[in-house]
Amino acid sequence: MFSPATIIALAHRTPKASAKSGPVRILATHELPLFRDHLLRLDRESRRDRFNGSLGDDWVANYAERSVHDGTVILAYFEDGVVRGAAELHQADLTNTEPEVAFSVESCMRRKGVGSILFTQLIAKAKSMGYKKLRVTTGAQNDAMRALAAKFGAKLSFRHGESTGLIDLTAEPVTAKIKPQPKPQPKAGVLDVAKAVGDYNRAAWRAWFNATGISKR
């Protein structure tokens with residue numbers, strides 16, 4: 001387990017981002033209002049998915065403040081200067097030997113790949129901090145989070161109304177297998193078409209001769 005000073009130092013080392021990483025960066029402590037307001041904007045379904053239950057605004061606001069001040073690394077996805085998605089890396093403690101990750105994306109940003117971007121950046125951050133595994137916990141009804149975690153190699157099990165699992169950061173990333181496309185058949189040329197027409201005409205005349213009793217000499 002890292003010391004508090006080490007956690008703070010490592011948390012503010014920005015991982016190397018790809019050109020497709022999007023507007024993602026780590027939030028500083030003084031940016032608590034941005035994170036808190038993001039969580040409060042989550043609709044009923046999104047808040048239930050994030051916290052595995054329907055919780056009031058006061059509880060959510062207090063949670064945001066605790067997370068900002070207890071060493072949690074918060075990666076935020078910005079849209080026009082507003083936090084629309086967040087990935088949280090909660091440090092390991094006496095109860096949980098692996099750090100735990102959590103994600104939240106506002107409904108206006110769903111189905112745009114924001115979750116995958118945040119997940120990729122959070123894994124990069126966890127690796128830069130020296131972690132080998134990440135723990136994922138999500139509600140039984142959160143299909144999107146379970147699918148996203150499985151995409152990044154998490155093996156989830158269902159227990160006590162929650163899906164929990166671990167992501168092995170030392171394993172090779174899983175790549176999707178591309179199904180080979182069938183080779184296109186060559187198009188018939190002009191000579192092939194002419195031959196086919198000639199064969200058809202000869203067959204038609206032969207059938208007519210046979211039907212009328214006229215035989216070719």
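Values quoted throughout were computed directly from the atomic coordinates according to the rules given, and no laboratory measurement underlies them. Keep in mind it's a predicted model, so treat the numbers as computed, not measured.
How large is ³J(HN,Hα) for each residue in region 52-69, as worked out from phi by the Karplus curve 6.51 cos²θ - 1.76 cosθ + 1.60 (θ = phi - 60°), to whole Hz, x for Gly and Pro?
6, x, 8, 10, x, 4, 4, 5, 5, 5, 5, 4, 4, 5, 4, 5, 5, 9
Whole angstrom only: what separates the Cα centroid of region 108-154 from the Cα centroid of region 37-87?
If you average the Cα positions of each part, the centres end up 15 Å apart.
Taking just the C-alpha trace of region 82-138, give me its Rg and Dmax in Å.
When restricted to the Cα atoms of region 82-138, Rg and Dmax are 12.3, 37 Å.
Using the Kirkwood formula over every pair of different C-alpha atoms, what hydrodynamic radius in Å results for region 37-79?
11.1 Å
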